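Below is one structure; the comments refer to it alone.
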Amino acid sequence: MSSDVESFTAHLQSSKRILALLGAGLSASSGLPTFRGAGGLWRSHDATSLATPEAFNADPVLVWQFYSYRRHMALKARPNRAHLALAELARRNPDFMTLSQNVDGLSQRAKHAPEKLQLLHGSLFNVKCTSFYCSYQAENFTDPIVPALAIPFDASDPTTKDAVEERREMDISDVDIRLPSLKITDLPKCPECHQGLLRPGVVWFGESLPSKVLNTVDTFINDSSKIDLILVIGTSARVYPAAGYVDDARAKGARVAVINADPEDIPAGGLGDKDWFFEGDAAQIVPDILK
Ligand code: BV8
Ligand code: ZN
């Protein structure tokens, strides 16, 4: 495994078919917390425990507050130089595809060609109706999506990390936070059937990825020609089937280049002599190695 930029750029220049698998670390420098890092907490909830249909069914108010907070943070954030560099690579390279696990919309705002950007886990800015008989879904960038979800994003905001830490020091539980007590009737309602509660258009744990996305990715990977390179950027590569694409690409001849702040976070299956590991901030490294 090497961290030699020269050999990487030489291989990049000669690569025809390239994949990029993106994770939360790509957006860390844009100020968005990752799932597993210290920022992976929201109030005192582990983000992954809220990203499930069960959590939404049990407490749609809490889950909508979580998503309203992330929508607000993502809208306040700006794409960083790595998002822009990947969009440029997509422009330059006809046979390139980005597989993004991120739902923050930053690759789209970096003008990444949409036909080369597969959103494996959906988007914070899609909503869909939960009513069985209704197929309503739409893009929605309204922030807050309904007035009741305007979480106080100022110093009094009980969701900030400092507020969480302060409460922890003072041993105050989340239950004691005096947030406006919302009712389900305050949550976003479907404008089509006027019945169903809207939900965030993301893929929750235990839900299948959109079949259109799965088919597009499978077609790219199972094409007859080999894959020359897969970039694995800012992801702990633990969530499947997304993480499985690294091995799929390897099986088609791809060399692997990991960009990660944590030298321990290497995809299952490890890295071989012909692969690269670049340690550090994706927002710094990616523009440098892709230029
Ligand atoms: C499914 C949207 C099946 C919501 C997310 C095998 C096959 C299939 C499924 C499974 C399987 N094994 C287990 C499963 C179940 C599950 C799963 O994978 N569980 C894990 C925990 C083991 N998978 C599923 O449930 C998937 N569904 O396959 O369904 C099925 C089939 C038929 C019928 C029904 C069901 C669906 C998974 C999608 C879940 N949704 N997101 C939301 O965002 O709220 S996942 C979410 O977590 C993200 O999208 C992302 O994928 C994941 C977080 O991972 P990362 O992005 O990597 O973030 P993380 O914090 O972990 O890591 C950040 C990394 O960045 C770190 O390495 C860090 O070091 C690095 N970093 C930090 N800062 C920087 C940096 N690097 C560079 N620069 C920096 N500055
Ligand atoms: Zn509806």
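The values are calculated or read from the model by the stated rules, or taken from the named source; none is laboratory data. In this text the structure is predicted, and so the values were computed from the model without any measurement. As a convention, Cβ positions derive from the backbone with ideal geometry for all residues, glycine included, and neighbour counts pool all protein chains shown. Only protein heavy atoms, including side chains, enter the accessible area calculation; ligands, DNA and RNA are left aside. Shrake-Rupley method; radii C 1.70, N 1.55, O 1.52, S 1.80 Å.
For this structure, a couple of remarks:
- Residue pairs whose Cβ atoms lie under 6 Å apart, separated by 6 or more positions or on different chains, with the first residue in the stretch 233-248 and over 24 Å from Pro33 (Cβ atoms) and the second open to solvent by 30 Å² or more (accessible area, probe 1.4 Å), are Asp247/Gly269.
- Of all residues in the stretch 206-249, those satisfying the criterion of being open to solvent by 60 Å² or more (accessible area, probe 1.4 Å) and in contact with a Gly (Cβ under 9 Å, 6 or more places away or on another chain) are Lys226, Asp247.
- Leading residue by the ranking (modelled with the lowest pLDDT) among those in the stretch 34-43 that are open to solvent by 20 Å² or more (accessible area, probe 1.4 Å) and either near ligand 1 (Cβ under 8 Å from one of its atoms) or under 27 Å from Asp248 (Cα atoms) (or both): Gly37
- On inspection, Leu187 does not qualify as in contact with a Cys (Cβ under 7 Å, 6 or more places away or on another chain) and either within 16 Å of ligand 2 (Cβ to nearest atom) or at pLDDT below 95 (or both).
- Qualifying residues in the stretch 274-291 (those that are at pLDDT 95 or above and open to solvent by 60 Å² or more (accessible area, probe 1.4 Å)) - the one nearest to Ala28 (Cα to Cα): Gln284
- Condition met for Ile151 (at pLDDT below 95, among the aliphatic types (A, V, I, L, M) and open to solvent by 50 Å² or more (accessible area, probe 1.4 Å)): no
- Hey, Glu54 more than 30 Å from Asn222 (Cβ to Cβ), at pLDDT 90 or above, of a type in the set (D, E, K, R) and within 15 Å of ligand 1 (Cβ to nearest atom) or not: yes
- Residue count for the stretch 250-263, restricted to those that are touching a Leu at 6+ places or on another chain (Cβ under 9 Å) and either of a type outside the set (Val, Ile, Thr) or open to solvent by 20 Å² or more (accessible area, probe 1.4 Å) (or both): 3
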